[in-house]
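One structure below.
The values are calculated or read from the model by the stated rules, or taken from the named source; none is laboratory data. These numbers were taken from a predicted model, which means no experiment stands behind them. Cβ: placed from backbone, ideal geometry, glycine included. Neighbour counts: every protein chain shown. Accessible surface is based on the protein model in full, side chains and every heavy atom, while ligands, DNA and RNA are left aside. Shrake-Rupley method; radii C 1.70, N 1.55, O 1.52, S 1.80 Å.
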Amino acid sequence: MERYAIKGGKVLEGEITIAGAKNAALGILAAAVMTDEECIIENVPYVSDTRTLLKAIEGIGAKVKYLDRHTVSICGKGIRGDRSLSVDDEYIRKIRASYYLIGALLGKYSYANVALPGGCDIGARPIDLHTKGFEKLGAKVDTVHGGKVVAEADQLVGAHIYLDTVSVGATINIMLAATLAEGKTTIENAAKEPHIVDVANFLNTMGANIKGAGTDVIRVRGVTKLHGAEYSIIPDQIEAGTFMAMAVATRGNILIQNVIPKHLEAISSKLIEMGATVIEYDDSVRVMADGKLKSTQIKTLPYPGFPTDMQAHMATVLALAEGTSIVTESIFENRFRYVQELVRMGAKIRVEGNVAIINGVQKFLGANLTAPDLRAGAALVIAALAAEGVSVIEDIEYIKRGYEDFDEKIRSLGGNMEILDTDKDIQKFKLRVG
Ligand code: UD1
């Protein structure tokens, strides 16, 4: 089983380039099957989540071709849009965003049959808001035996949909289906994340008529057909945030290229409060820290609030800051599972309900760790890089779902990190790094 072996204590310095946004890519790749013409998508992150979704898309008959490592051509013409259409394989159940195929296929064929989504275990993660939205558009939705969602309609008809909870997934999924519905759909209390705007922009490039993405009211005027398009995905806000937190935790100096600084404001302002320096350029940010870090309070909120996907990384940095910090998780109920790992490294963190109370310590000590999910796994990598001694992190397949070439990028910044398979190799690594 592959594991990360990390010798901490190095100050990370240098430049790295951020990949395309995974969560935008997942919506955009699904949307691409909604036309029979070819779509060429650039800046697709080469991570296991996008490759898994592409395999599923290929599995239903679409033509998928990598033109280079980050450019994918998709042609949805070969999909048999009848009742034999079913998205189910051993992979698709592992990723959350398989649910975007429900909206995309329902919009295009008025029928979708998709295995229920998996994804990281960070809370209940229901899809009731998605299904309620489809029902409002006139679909009949069944969750059938074997964990599949079957949605069908004679003809989708635009509707007024109010989301009880702000949901990224439901907003994108309803937007996908509504694009090819008859008439006008309004999504109220919509999520405003940058990747929602990106999916809407891509759909509009394909001929959709979507207005208001990025605000809390999205208006979709249904069109009868979409056409092929070329599109480049926005940079990944969370990958960028991860390297920002890494720069601060290791008291380093990293120039993070290919970012949209505006998307990083919530993260930048917290890091500045903690005593770091963040310099914004047009499409890059430099993050530096030296000396002592200060405590602060963070509460996760839908965009433009502080992203839940950065909660674990920031708590890790705060665990090395002077004083008491409070981190409140208000989106998912099971997102503190990394805390017990940090505690084994010497962190002083107490979790009470959805609040983590962090008393900063001087240093972490390397330990054997297990990644509990994608983002928390990346936070443990940050902790290991900042720690004294060697850490070994298991279950790194979670991390590979969303971080492209994570170990290579970290090595290019001077980090001492390798992917190793056997106990013997880990033993050798420990002897080598001392
Ligand atoms: C997406 C992101 C994930 C991020 C999250 C919040 C993808 C593939 N994943 O996940 O990385 O952490 O947004 O920014 O883009 N909810 C319901 N019913 C539903 C749907 C959601 O109650 O039908 C609740 C959830 O339990 C959660 C909240 O709404 O408490 C927000 O979830 P949502 O924004 O939908 O997250 P995801 O789309 O799953």
### Message
Going residue by residue through region 277-287, is there one that turns out to be in contact (Cβ under 8 Å) with a residue 60 or more places away in the chain and either surrounded by fewer than 19 Cβ atoms within 10 Å (Cβ to Cβ) or within 16 Å of the ligand (Cβ to nearest atom) (or both)?
### Response
no
Worksheet item: Quick one: would you say Val44 is open to solvent by less than 50 Å² (accessible area, probe 1.4 Å), within 16 Å of the ligand (Cβ to nearest atom) and at pLDDT below 95?
Response: no
Okay, strands (runs of 3 or more DSSP E) sitting entirely in region 190-270 with 1 or more residues that are under 19 Å from Met288 (Cβ atoms) and in contact with a helix residue (DSSP H, G or I) (Cβ under 6 Å, 6 or more places away or on another chain), I get 253-257
Flagged in region 229-268 as assigned by TED's automatic domain parsing to the domain that holds Ala386 and more than 21 Å from the chain's Cα centre (by Cα), in numbering order, are Val248, Ala249, Thr250, Arg251, Gly252, Asn253, Ile254, Leu255
Output for Cβ contacts, cut-off 7 Å, separation at least six or different chains, first residue under 12 Å from Ser167 (Cβ atoms) in region 188-216, second hydroxyl-bearing (Ser, Thr, Tyr) and open to solvent by less than 10 Å² (accessible area, probe 1.4 Å), reads Ala190/Thr171; Ala191/Thr171; Ile196/Thr171
Taking region 126-135 and keeping only residues that are open to solvent by less than 20 Å² (accessible area, probe 1.4 Å) and within 16 Å of Ala191 (Cα to Cα), one is left with His130, Gly133
- Message: Regarding region 53-62, can at least one residue be identified that is of a type in the set (D, E, K, R) and in contact (Cβ under 8 Å) with a residue 60 or more places away in the chain?
- Response: no
Scanning region 381-424 residue by residue, the ones that are free of Cβ contacts under 8 Å to residues at least 12 places away in the same chain and part of a helix (DSSP H, G or I) total 4
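Being more than 16 Å from the ligand (Cβ to nearest atom) and surrounded by 23 or more Cβ atoms within 10 Å (Cβ to Cβ) is the requirement here; does Leu342 meet it?
Here the answer is yes, as Leu342 does meet what is asked.
Okay, residues lined up against (1) surrounded by 24 or more Cβ atoms within 10 Å (Cβ to Cβ); (2) within 22 Å of Ala25 (Cα to Cα):
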site: Thr179; (1), (2): yes, yes
site: Glu182; (1), (2): no, no
site: Val199; (1), (2): yes, yes
site: Gly207; (1), (2): no, yes
site: Gly212; (1), (2): no, yes
site: Glu239; (1), (2): yes, yes
site: Thr242; (1), (2): yes, yes
Residue hits (region 214-233; within 15 Å of Ile40 (Cα to Cα) and open to solvent by 30 Å² or more (accessible area, probe 1.4 Å)) are His227, Glu230, Tyr231, Ser232
Requiring at least 2 residues that are closer than 27 Å to Asn204 by Cβ, the strands (runs of 3 or more DSSP E) wholly within region 1-56 are 38-42
Over region 136-177, the set of residues within 15 Å of the ligand (Cβ to nearest atom), surrounded by fewer than 18 Cβ atoms within 10 Å (Cβ to Cβ), assigned to a strand (DSSP E or B) and β-branched (Val, Ile, Thr) is Thr143
